[in-house]
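First comes the structure, then the notes that go with it.
The values are calculated or read from the model by the stated rules, or taken from the named source; none is laboratory data. Please read these numbers as outputs of a predicted model, since none were measured by experiment. Cβ placement follows ideal geometry from the backbone for every residue including glycine, while neighbour counts extend to all protein chains displayed. The area values use the complete protein model at the heavy-atom level, side chains included, leaving out ligands, DNA and RNA. Shrake-Rupley method; radii C 1.70, N 1.55, O 1.52, S 1.80 Å.
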Amino acid sequence: FRKTVKIVDCDRDKNTIVDFWDTAGQESFNRMHPSYYYRAHCCLLLFDVTRKLTYQHLADWYKELREYCENIPVVLVANKIDVDYNVTRKEFKFAAKHNLPFFFVSAADGTNVVKVFESAIREAKTFKESGGDILSDMLDFLQEKENTQAVKDKTSDTRSDDSKATGGSGSDSK
């Protein structure tokens, strides 16, 4: 899902494009391909309060995330609190153990949904502005160099084609 959001930065609004990837906890994503983590600046780690197994899997999901993204911020989310609001009185130690921001959420009635996304976007922005992931920065730099070279090559090819069309000394073979 891609969304353009307005972020207030130094008393001015700035539009920022945000991409969200949802694996929905599906079995096929148990060992995600590293490309899902490429350029990630924040992770929303969710569990379903009505399914204890999802809470038990947090350690595995967190470990996998840290294999590919050692330092990105993570926001922990307890979903489906609308089923039993008493769950919000319960202590979930995972967030404290890993020093993660933690939210109780109901996607069904909207409780804290906006707050979670605002928090994640702020965390991602701060992470990216502070240098973020050096590997992503290096890959971006290499991609930029490659694109620049491709433009130069295309310009050179066009000039060569122009000299052929005007009877210049360009070679017929490429």
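Here Lys90 fulfils each of the conditions (1) open to solvent by 90 Å² or more (accessible area, probe 1.4 Å); (2) in contact with a Pro (Cβ under 7 Å, 6 or more places away or on another chain) apart from (2).
Looking at the range 79-90, can you tell me whether even one residue there is touching a Phe, Trp or Tyr at 6+ places or on another chain (Cβ under 6 Å) and modelled with pLDDT of 85 or more?
Of the residues in the range 79-90, the ones touching a Phe, Trp or Tyr at 6+ places or on another chain (Cβ under 6 Å) are 81, 88.
With the extra rule that they be modelled with pLDDT of 85 or more, the set shrinks to 81, 88.
Yes, there is a match, as at least one residue in the range 79-90 is touching a Phe, Trp or Tyr at 6+ places or on another chain (Cβ under 6 Å) and modelled with pLDDT of 85 or more.
Selection of the range 97-107 for residues being of a type in the set (A, V, I, L, M, F, W, C) and either under 13 Å from Leu44 (Cα atoms) or at pLDDT 95 or above (or both) yields Leu100, Phe102, Phe103, Phe104, Val105. Counting just the residues of the range 114-173 that are modelled with pLDDT of 65 or more and among the small types (Gly, Ala, Ser), which one comes out surrounded by the most Cβ atoms within 10 Å (Cβ to Cβ)? Once the filter is applied, the top-ranked residue is Ala120.
The set of residues in the range 99-111 that are in a loop (DSSP other than H, G, I, E, B) and open to solvent by 50 Å² or more (accessible area, probe 1.4 Å) comprises Asn99, Ala107, Ala108, Asp109. When restricted to residues that are open to solvent by less than 90 Å² (accessible area, probe 1.4 Å), free of Cβ contacts under 8 Å to residues at least 60 places away in the same chain and part of a loop (DSSP other than H, G, I, E, B), the range 62-77 contains 1.
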